[in-house]
Amino acid sequence: MVFRSSFPDVDIPDLPVHELLFGDVSARADRPAMIDGPSGRVITYGELAGAVDRVAAALAERGVRKGDVVGIFSPNTPYYAVAFHGVLRAGGTATTINALYTPNEIASQLTDSGAKLLFTISPFLDRAVPAAELAGISEIVVLDGAEGHTGLSDLLASTAAAPQVEFDPAEDLAVLPYSSGTTGRAKGVMLTHRNLVSNLVQTGPMMHVGSDTRVLAVLPFFHIYGMQVTMNHPLSIGATVVTMPKFDLPEFLRIIAEHRTDRVYIAPPVAVALAKHPIVDNYDLSALKVLFSGAAPLDEELAEAVHKRLGCVVRQGYGMTEMSPVSHSIPDAREDIRIGSVGLILPNMENKIVDLATGEEVGTGERGELWCKGPNVMKGYLNNAEATAATLDEDGFLHTGDVAVIDERGVVTIVDRVKELIKYKGYQVPPAELEALLLTHPSIADAAVIGVIDAEGEEVPKAFVVRQADAELSEAEVMGFVAERVAPHKKVRVVEFLEAIPKSAAGKILRKDLRSREAAAK
Ligand code: 4UV
């Protein structure tokens with residue numbers, strides 16, 4: 001059975017992303033497009049569109065052509081949008097890099113994506129410089145400027161005409177964010193201009209964002225949720241984006257109060273702070289109308305507690321990098337939909353629910369793997385036909401690796417995850433990457449990593465480790481070894497030693513057995 005969206009299809013403009021956002025800003029040229037939260041500095045739509053043109057011209061002068069990949073490694077600031085849309089406007093593809101990454105992790109993404117140039121900020125140069133060297137990138141553009149490097153100001157000084165690039169929105173790649181998908185290491189997710197533009201208009205009927213809306217952009221722009229929902233969507237409507245470079249509770253509350261942001265997008269750990277922390281009462285949060293959570297399951301009781309304490313509407317959505325990213329969301333206006341669900345199927349989309357054991361499509365009220373189809377679904381994984389074929393079927397359905405139930409009203413609830421992926425505070429942790437790293441330790445004979453729920457209810461990576469014969473190795477040594485080599489969100493937080501890792505006859509780790517072992521130990 002195919003479940004269709006209950007909304008009528010929306011028209012998808014046949015435009016590249018930057019055209020949708022900045023194609024004609026004359027009516028809003030003097031309105032604030034972005035505000036840098038910490039400093040309060042404002043950039044208007046006219047200034048932003050002008051800066052995007054300058055950067056595109058300067059990138060073209062430097063040889064950036066259609067299809068060239070450019071890395072962006074920066075926290076959220078208005079400059080991020082200038083670099084991002086400058087790359088797209090020049091015909092390039094932006095590969096957005098996690099701001100917490102180590103030099104090796106950055107280099108791996110730059111190399112895999114074939115990036116030619118890298119944007120960063122001066123405090124990140126200690127990681128960006130070695131990463132660029134490893135990846136053979138010779139030019140780094142520093143957004144806030146730094147001795148010995150090209151600065152954003154150099155690009156903005158370009159007097160060349162903005163390049164005339166012909167776009168085919170359905171084919172040309174706008175961004176290459178990295179995601180591990182259902183299995184394996186992080187892969188480049190090929191999202192076209194049409195994929196991104198589709199999702200910007202598909203979310204329209206779900207949320208009330210207008211030119212007076214002020215969106216708080218604390219979710220990182222490098223992750224598809226921050227990029228599309230908190231940067232591109234408000235800019236496509238003429239709303240104002242208030243940026244925050246990283247989450248810090250007092251600063252978050254101060255910025256909501258001072259800039260009177262009325263829409264705030266979060267991942268579930270922020271809801272915990274908003275429900276429980278005493279300092280929340282010290283700020284005037286009366287401007288906040290909608291608090292929207294996604295990227296990991298939101299606990300219903302917690303959501304109710306936040307709603308009661310702050311008096312705002314709390315809503316949840318579901319998405320995946322591979323879907324640009326939103327596929328389901330609770331509309332602002334639907335008081336009747338449970339906050340513990342992820343709401344309704346977006347317009348222009350279809351779903352199937354597929355029984356995990358039999359592979360048969362099932363109907364209303366039955367659980368199974370969620371498959372999604374729509375114009376926002378990726379073109380595929382970069383240089384990885386095998387992973388693409390394992391995720392996208394011949395009928396165009398993306399197999400999400402999440403287990404869901406759809407009720408008779410079309411409300412979707414995510415009930416489990418069957419893919420390998422671990423989510424730590426909404427960030428992706430690919431177990432395959434940690435397993436490969438653990439195997440490089442001389443005292444480790446074998447290893448497997450799964451997500452487990454800790455005492456605070458957070459999903460955390462747990463490593464099952466088989467020591468080499470006669471090797472001495474403690475849990476702390478295993479955790480220390482990993483922590484020195486990965487970004488903080490990928491740290492192994494629990495270790496258990498085993499005699500052997502359960503494996504199938506073909507040598508695949510039986511994660512299901514490890515999960516049942518974990519459940520039995522509770
Ligand atoms: O690929 P990714 O890191 O992508 C995301 C995107 C989440 C978004 C984006 C825009 C929204 O408006 C929104 O509401 C959510 O996280 O990871 C995808 C996987 O994260 C889990 C699920 O396992 C996905 O396959 N996930 C994401 N949202 C939820 C979730 C959720 N609401 N409940 C449960 N799991």
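In this rough spin-label picture, where each label sits 7 Å from Cα along the Cβ direction, the Asp24-Thr111 distance is 4.8 nm. Taking 21 Å as the limit for the C-alpha separation, the pairs Lys352/Lys423; Lys462/Lys522; Lys462/Lys512; Lys425/Lys491 exceed it in the case of Lys352/Lys423. Spin-label model, Arg31/Asp144: points 7 Å from Cα along the beta carbon direction are separated by 3.0 nm.
Classify the range 88-192 as rounded, prolate or oblate, taking a ≥ b ≥ c as the square roots of the eigenvalues of its Cα gyration tensor: rounded when a/c is under 1.5, otherwise prolate if a/b is larger than b/c and oblate if not. Cα axes put the range 88-192 in the oblate bin.
With the highest mean first, a sort of the peptides 53-63, 74-84 on other beta-carbon atoms found within 10 angstrom per residue produces 74-84, 53-63.
With coordinates expressed along the principal axes, the C-alpha atoms belonging to the range 1-140 extend over 49, 48, 32 Å, beginning with the largest. Name the shape class, rounded, prolate or oblate, that the alpha-carbon gyration tensor gives for the range 170-267, where a ≥ b ≥ c are the square roots of its eigenvalues, rounded holds for a/c under 1.5, and otherwise prolate holds if a/b is larger than b/c and oblate otherwise. Taking the square roots of the gyration eigenvalues as a ≥ b ≥ c, the range 170-267 is oblate.
Remark: relative contact order (the chain) = 13 percent; criterion is Cα-Cα distance under 8 angstrom and separation of 6 or more residues. Residue exposure proxy: Lys66, Lys508, Lys187, ordered by other Cβ atoms within 10 angstrom of their Cβ from fewest to most, comes out as Lys508, Lys66, Lys187. What FRET efficiency, computed as 1/(1 + (r/R0)^6) with R0 = 45 Å and r the Cβ-Cβ distance, is obtained for Leu356 and Asp14, rounded to the nearest 0.05? Calculated transfer efficiency: 0.70. The distance linking the range 329-352 with the range 171-196 is 24 Å (Cα centroid to Cα centroid, whole angstrom). Computed as a quarter of the hull surface, the mean projected area of the alpha carbon convex hull for the range 345-482 stands at 11.5 nm².
Rounded to the nearest 0.05, the FRET efficiency derived from the C-beta distance between Glu499 and Glu386 at R0 = 45 Å is 0.90.
Between Asp393 and Asp336, the modelled label-to-label distance comes to 3.2 nm, taking each label 7 Å out from Cα in the direction of the beta carbon.
Over all orientations, the range 239-370 has a Cα convex hull whose mean projected area works out to 9.7 square nanometres. Computed from the alpha carbon positions, the gyration tensor of the range 252-302 leads to an equivalent ellipsoid with semi-axes of 19, 13, 8 Å, biggest first.
Taking amide H as placed 1.01 Å from N in the peptide plane, Ile337 has no amide H partner under 5 Å among residues 5 or more places away or on another chain. Computed from backbone phi, the HN-Hα couplings of the range 9-14 come to 4, 9, 6, 9, x, 8 Hz, rounded to whole numbers (Karplus: 6.51 cos²θ - 1.76 cosθ + 1.60, θ = phi - 60°; Gly and Pro given as x). The alpha carbon radius of gyration of the chain, expressed as a multiple of 2.2 N^0.38 Å, is 0.95. Evaluated over the Cα positions of the range 54-134, the convex hull gives a direction-averaged projected area, one quarter of its surface, of 4.8 nm².
For the chain, the mean residue ellipticity at 222 nm estimated from helices alone is -8000 deg cm²/dmol, where every DSSP H run of n ≥ 4 contributes -39500 (n - 2.57) and the total is divided by all residues, rounded to the nearest 500.
Dimensions of the range 418-486 along the principal axes, based on C-alpha atoms and rounded to the nearest Å, stand at 37, 23, 22, largest first.
Find how many whole Å separate the alpha carbon centroid of the range 1-54 from the alpha carbon centroid of the range 215-291. The range 215-291 and the range 1-54 have Cα centres spaced 18 Å from each other.
Using a Förster distance of 25 Å, how high is the FRET efficiency between Asp416 and Met1, based on the Cβ-Cβ distance and rounded to 0.05?
For Asp416 and Met1, the calculated efficiency is 0.80.
Just so you know, all these numbers are worked out from the coordinates, no wet-lab data involved. Treat the numbers as computed from the prediction; the structure is a model and nothing was measured. With ideal geometry, Cβ positions are generated from the backbone for all residues, glycine too; neighbour counts draw on all protein chains shown.
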